[in-house]
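*Asks:* Sharing a structure here in structure tokens format.
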Amino acid sequence: MVSYKDLGLVNTREMFAKAIKGGYAIPAFNFNNMEQMQAIIQACVETSSPVILQVSSGARKYANQTLLRYMAQGATEYAKELGKNIPIVLHLDHGDSFELCKSCIDMGFSSVMIDGSHLPYEENVALTKKVVDYAHQFDVTVEGELGVLAGVEDEVSAEHHTYTDPAQVEDFVKKTGVDSLAISIGTSHGANKFRPEQCTRNADGILVPPPLRFDILKEVEKRIPGFPIVLHGSSSVPQQYVKIINENGGALKDAIGIPEEQLREAAKSAVCKINIDSDGRLAMTATVRKIFNEKPAEFDPRKYLGPARDELKKLYMHKVQNVLGSENKA
Ligand code: G3H
Ligand code: 13P
Ligand code: ZN
């Protein structure tokens, strides 16, 4: 049993309380390798932002959970070395079983998500409560989810949204004891969040997706005032990266994300954690594709992963400064 407190990590409790009061959201960035971790920490140290490092079960399989945990521990030391002791959370993204959550808690995670959103309501309540009861013994915080996002939630595929029913949130929070709640208001995972036929075109011919359901968010806030809300699937799919990818041999079609102004708006409310993964994938892929195309003789991984890391850092700094509003909140 390793306590996250000995690794220099914190849980989400104080972070979220401050974020709600301050009208900003904490960035939750997924990582799977060293370059992503370096980019996240460099960006958040330079902007003095608190940060949540997210590990999905896919990441655990890809990189090995022990290695990722030591990397997160290293990240706390790395941040100090870069000159700023920012608050860092190590969070399990989309945990799908009690056993997985327990294993992460036992090895030093400071926060876990138990995603029972695809289960019948009472089963979601029971599973989430079981995880909360275990986690709280060790002061580990827990994120639950109500409502299903369209797209692919890790290994759970949901063709259509089931928006969160505001009538359920109070009961869910009370019965489970969760510390934060992910809700479904129109975001979805991946780079294809909307089909073109769901969008309208603005004067410049750019596709504009349907707005997020702020009415549902407001209703949720009314039922559980001041309770920390989480938005998954919050990448904006920057079109400059899609363009670079497609100009350099890629084949991304109809890639559409959530407009950043809407996320900025959400961050001012009780939404205090915003999950971003796909945008980082696009930034890295665009950089690597361009280098491969322009310098076909290059074969030193540092010569393409290094610039990809730099681009990722730039993207994360932009998110912190212009979208989430968490700059100087560390
Ligand atoms: O919500 C899903 C995250 O983007 C993680 O994706 O399961 O491919 O690591 P992954
Ligand atoms: P995106 O695919 O929009 O980046 O969402 C990531 C996410 O929700 C991770 O849990
Ligand atoms: Zn997610």
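The values are calculated or read from the model by the stated rules, or taken from the named source; none is laboratory data. Just so it is clear, the model here is predicted, and its values are computed rather than measured. Cβ placement follows ideal geometry from the backbone for every residue including glycine, while neighbour counts extend to all protein chains displayed.
*Asks:* Give me the residue from the stretch 42-63 that is of a type in the set (A, V, I, L, M, F, W, C) and away from ligand 3 (no atom under 16 Å from the Cβ) and, out of that set, farthest from Lys319 (Cα to Cα).
*Replies:* Per the stated criteria, the residue is Ala63.
*Asks:* Could you tell me whether any residue of the stretch 267-275 is in contact (Cβ under 8 Å) with a residue 24 or more places away in the chain, part of a helix (DSSP H, G or I), under 15 Å from the mean Cα position of the chain (by Cα) and away from ligand 1 (no atom under 16 Å from the Cβ)?
*Replies:* Looking for residues that are in contact (Cβ under 8 Å) with a residue 24 or more places away in the chain, part of a helix (DSSP H, G or I), under 15 Å from the mean Cα position of the chain (by Cα) and away from ligand 1 (no atom under 16 Å from the Cβ), one finds at least one in the stretch 267-275, hence yes.
*Asks:* Taking the condition of being in contact with a strand residue (DSSP E or B) (Cβ under 6 Å, 6 or more places away or on another chain) and either surrounded by fewer than 23 Cβ atoms within 10 Å (Cβ to Cβ) or among the aromatic types (Phe, Trp, Tyr) (or both), how many residues in the stretch 32-66 meet it?
*Replies:* 1
*Asks:* Check Gly144 against each of (1) at pLDDT 95 or above; (2) within 16 Å of ligand 3 (Cβ to nearest atom); (3) part of a loop (DSSP other than H, G, I, E, B) and name the one condition it does not meet.
*Replies:* It is condition (3) that Gly144 fails.
*Asks:* Just checking, which of Glu197, Glu143, Glu170, Glu123 is surrounded by 14 or more Cβ atoms within 10 Å (Cβ to Cβ) and over 23 Å from Val2 (Cα atoms)?
*Replies:* Glu170
*Asks:* Report every pair of residues separated by at least 6 positions or lying on different chains whose Cβ atoms are under 7 Å apart, first residue within the stretch 4-15 and in a helix (DSSP H, G or I), second hydroxyl-bearing (Ser, Thr, Tyr).
*Replies:* Once the first residue is in a helix (DSSP H, G or I) and sits in the stretch 4-15, its partners that are hydroxyl-bearing (Ser, Thr, Tyr) give Tyr4/Ser110; Leu7/Thr76; Arg13/Thr141.
*Asks:* Let me ask something else about it. Within the bounds of the stretch 121-142, is there any residue that is among the polar types (S, T, N, Q), more than 15 Å from ligand 2 (Cβ to nearest atom) and closer than 30 Å to Val45 by Cβ?
*Replies:* Yes, some residue in the stretch 121-142 is among the polar types (S, T, N, Q), more than 15 Å from ligand 2 (Cβ to nearest atom) and closer than 30 Å to Val45 by Cβ.
*Asks:* If I filter the stretch 80-114 down to residues being in a helix (DSSP H, G or I) and over 20 Å from the mean Cα position of the chain (by Cα), which single residue comes out as surrounded by the fewest Cβ atoms within 10 Å (Cβ to Cβ)?
*Replies:* Glu99
One line per residue, one yes/no per condition, for (1) part of a loop (DSSP other than H, G, I, E, B); (2) under 22 Å from the mean Cα position of the chain (by Cα); (3) away from ligand 2 (no atom under 16 Å from the Cβ):
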{"residue": "Leu181", "(1), (2), (3)": "no, yes, no"}
{"residue": "Asp204", "(1), (2), (3)": "yes, no, yes"}
{"residue": "Lys218", "(1), (2), (3)": "no, yes, yes"}
{"residue": "Glu221", "(1), (2), (3)": "no, yes, yes"}
{"residue": "Ser234", "(1), (2), (3)": "yes, yes, no"}
{"residue": "Val237", "(1), (2), (3)": "yes, yes, no"}
{"residue": "Lys243", "(1), (2), (3)": "no, no, yes"}
{"residue": "Gly250", "(1), (2), (3)": "yes, no, yes"}
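*Asks:* Same structure again: Any idea which of (1) in contact with a Lys or Arg (Cβ under 9 Å, 6 or more places away or on another chain); (2) within 22 Å of Ser235 (Cβ to Cβ); (3) not hydrophobic (A, V, I, L, M, F, W, C) is the one Gln54 doesn't satisfy?
*Replies:* The number of the failed condition is (1).
*Asks:* If you don't mind, another one. Output yes when any residue across the stretch 158-166 is at pLDDT 95 or above and touching a strand residue (DSSP E or B) at 6+ places or on another chain (Cβ under 6 Å), and no when none is.
*Replies:* yes
*Asks:* Given (1) under 14 Å from Pro238 (Cβ atoms); (2) touching a helix residue (DSSP H, G or I) at 6+ places or on another chain (Cβ under 9 Å), where does Ser278 come up short, assuming only one miss?
*Replies:* Result: Ser278 fails condition (2) only.
*Asks:* How about the stretch 287-326: which of its residues are in a loop (DSSP other than H, G, I, E, B) and either aromatic (Phe, Trp, Tyr) or touching a Leu at 6+ places or on another chain (Cβ under 6 Å) (or both)?
*Replies:* The one that is in a loop (DSSP other than H, G, I, E, B) and either aromatic (Phe, Trp, Tyr) or touching a Leu at 6+ places or on another chain (Cβ under 6 Å) (or both): Phe299.
*Asks:* Scan the stretch 115-134 residue by residue and report those that are under 22 Å from the mean Cα position of the chain (by Cα), more than 16 Å from ligand 1 (Cβ to nearest atom) and in a loop (DSSP other than H, G, I, E, B).
*Replies:* Leu119
A quick yes/no check of all residues on (1) modelled with pLDDT under 95; (2) away from ligand 3 (no atom under 16 Å from the Cβ); (3) surrounded by 19 or more Cβ atoms within 10 Å (Cβ to Cβ); (4) over 23 Å from Gln54 (Cα atoms):
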{"site": "Gln239", "(1), (2), (3), (4)": "no, yes, no, yes"}
{"site": "Ile244", "(1), (2), (3), (4)": "no, yes, yes, yes"}
{"site": "Ile258", "(1), (2), (3), (4)": "no, no, yes, no"}
{"site": "Cys272", "(1), (2), (3), (4)": "no, no, yes, no"}
{"site": "Ala286", "(1), (2), (3), (4)": "no, yes, yes, no"}
{"site": "Asp300", "(1), (2), (3), (4)": "no, yes, no, yes"}
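*Asks:* Being within 16 Å of ligand 2 (Cβ to nearest atom) and of a type in the set (D, E, K, R) is the filter here; which residues of the stretch 262-289 pass it?
*Replies:* Within the stretch 262-289, Arg264, Lys273, Asp277, Asp279, Arg281 qualify.
*Asks:* Suppose we keep only residues that are assigned to a helix (DSSP H, G or I) and within 24 Å of Ile105 (Cβ to Cβ) within the stretch 35-57. Which one would you say is modelled with the lowest pLDDT?
*Replies:* The selected residue is Ser57.
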